[in-house]
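To start, the structure itself, in C-alpha cells.
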Amino acid sequence: MEPRNGDPARERRTSALGDAYARALLTGDEVAAEIAIREAMDAELSTAQIDEEIIAPALWFVGELWARGEISVADEHLATEISIRVIALQRESQRLARQRRSSRVMLAACAGERHVVALRMVVNLLREAGYEVLMLGADVPAEALAAAARRHRPEVICLSVTMPGGGDRVLIAMDDVLQAWPSARFVAGGRGLSSRVRERPGLAVCDRVSEAVEVVDAVLKRAELN
C-alpha cells in the first residue's frame, strides 16, 4: 500500500518511532517516550502526524493488551499518564519554537573586546534553535551598540566579556542601550565577568556556550511573566 505521505523513507521512520514509543509505554519509561516524540518533532512530523501515527496507535495497542489481560490496569494507567505528560511537552516545545522564530537576538563584543570565537559558537546555536540572529562582531562601541539596538529592536542582547576590565564596558553598554531601547534584555558571558557585573539586575549570565539557548529561553520566559 502506498504510504499516505508518498515518502516510503518517512513512513518507515514514523513506524520505527511509533514502535519505540509503544515500547516505552509498555515499560513505563517516560524518558524513552519523550525521546521518541522529540525525534519525531526533529524529523518535522506535524502535530497531527505525531498524534495520529505515533501516540494514538501506541495507546490503542496498550488498550488492546489490557483488554486481553496481558497487562494490568496499572500498566494501562501508567501508559496514559506518560502520554498526557508527553503531549504537554510537545505543545510546550511547539510554543517555544514559535516564540524563537518571532524573537530577535543581537550579539556583540564590547569596545576593546576582539575575541569572538565563543560568541560565534553561540550565534550558530541560537540560529539552529530557530532564533533570528544579528551578529555585530568584535569591538563594538557602546554608542554603536545602542544605535543598532534602537534600529533593530532585539528582544535579547548577548555580550561577550573576555578581557580584564571588560565588565565595566558591559555596564556602560547596557546603560546606553537601555536609553535607546528600554525593552532590551541582556545576557553576558566570558571570563572577564566580575562579581559586580554578575549581580547587575536585568543581566542573565551564561557560563558555558552550550547553555546559551537555555539562558536566552529563560530570559524571554521571564519577560513574558513580567
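The values are calculated or read from the model by the stated rules, or taken from the named source; none is laboratory data. Just so we're clear, the structure is a prediction, and the values are computed from it rather than from any experiment. Glycine gets a Cβ as well: all are built from the backbone with ideal geometry, and neighbour counts include every protein chain shown. The accessibility values were calculated without ligands, DNA or RNA, using every heavy atom of the protein model including side chains. Shrake-Rupley method; radii C 1.70, N 1.55, O 1.52, S 1.80 Å.
Does Ser210 meet the test of being among the hydroxyl-bearing types (Ser, Thr, Tyr) and over 21 Å from Arg101 (Cα atoms)? Walk me through it before giving the result.
Numbers: among the hydroxyl-bearing types (Ser, Thr, Tyr): yes; over 21 Å from Arg101 (Cα atoms): no.
When the stated conditions are applied, Ser210 does not pass them.
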When Glu143 is run through (1) in contact with a Phe, Trp or Tyr (Cβ under 9 Å, 6 or more places away or on another chain); (2) more than 18 Å from Val215 (Cβ to Cβ), the failure sits at (1)
Looking at (1) open to solvent by less than 20 Å² (accessible area, probe 1.4 Å); (2) touching a helix residue (DSSP H, G or I) at 6+ places or on another chain (Cβ under 6 Å), which one does Glu76 not meet, given that it meets all the others?
(1)
Within the range 4-21, can one find any residue that is basic (Lys, Arg), in a helix (DSSP H, G or I), over 27 Å from Tyr131 (Cβ atoms) and modelled with pLDDT of 95 or more?
no
Odd one out for Val86, checked against (1) of a type in the set (Val, Ile, Thr); (2) farther than 30 Å from Val215 by Cβ; (3) surrounded by 13 or more Cβ atoms within 10 Å (Cβ to Cβ)
(2)
Wholly within the range 95-210, helices (runs of 4 or more DSSP H) carrying at least 1 residues that are in contact (Cβ under 8 Å) with a residue 40 or more places away in the chain and open to solvent by 20 Å² or more (accessible area, probe 1.4 Å):
117-129, 142-152, 166-180
